[in-house]
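Okay, structure first, notes after.
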Amino acid sequence: MAKQGSLEELDELEIVQQIKNNDSSNFEILFKRYIPIIKKLRTRYSIRNLEWDDWLQEGRIVFFNSVVNFDENLKITLGAFFRTNFTNRIYSILRFEMAYKRKAGLTAQSIESVDGDLETATKKISKITPHSNLVIKESYAEYESLLSKFEKEVSVLLFKGNCPEKIAEKLGYEVIKIQNAIVRCKQKLSVQMYGHP
């Protein structure tokens, strides 16, 4: 059984190794040590409607991936490795935010203009097998685990066919906050499905 305790009692590299061995019992202890990096980057970069809980959620995901991929033989500290990865993640969010703003000004494509007809699309959907259905369910469960509580609420309403304006009305938030949450949900779904945002 892995030892638990404070960072003073446990060696950092020992906790890293535990996490790599699928033992996350000391993950939060290690993560809390690097929260100042998240705070510092938050003061440097402004992402509209990304609240502190969202920053922590993004930071936690990136930090976990940083720990799993950290190589202690390279001449770089875990802190520097995490800072680089988290900065890249922020750049990615900012790029998506800018792209979403550009797309928001475009007129939505009508269903008639979609390549292929509705009958063809229906036939493709009807070919989903029990196995592929299970894979989809498992992928969705993993995707859901990446979401903050707010993003999960938005995602559920979005999958039920609600538009951003309707979601904003139901949850009592501004439409722009909902749109930003949808962008983050799409990024996380893309990471889950394709391994990149």
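Miscellaneous remarks
- Remark: the range 23-100 carries 55 Å² of accessible area per residue (probe radius 1.4 Å; ligands, DNA and RNA excluded).
- Among the listed pairs Lys32/Lys160; Lys20/Lys188; Lys32/Lys188; Lys75/Lys149; Lys32/Lys170, those beyond 30 Å (Cα-Cα): Lys32/Lys160; Lys75/Lys149; Lys32/Lys170
- Heavy-atom accessible surface of Asp23, to the nearest 10 Å², is about 40 Å², with a 1.4 Å probe and all protein chains retained.
- Annotation for Cys163 and Leu41: the two label points, set 7 Å from Cα along the Cα-Cβ direction, are 3.5 nm apart.
The values are calculated or read from the model by the stated rules, or taken from the named source; none is laboratory data. For clarity, every value in this text was computed on a predicted model and none was experimentally measured. Please note: Cβ atoms are built from the backbone with ideal geometry, for glycine as well, and neighbour counts cover all protein chains shown. Note: areas computed on protein heavy atoms with side chains; ligands, DNA, RNA excluded. Shrake-Rupley method; radii C 1.70, N 1.55, O 1.52, S 1.80 Å.
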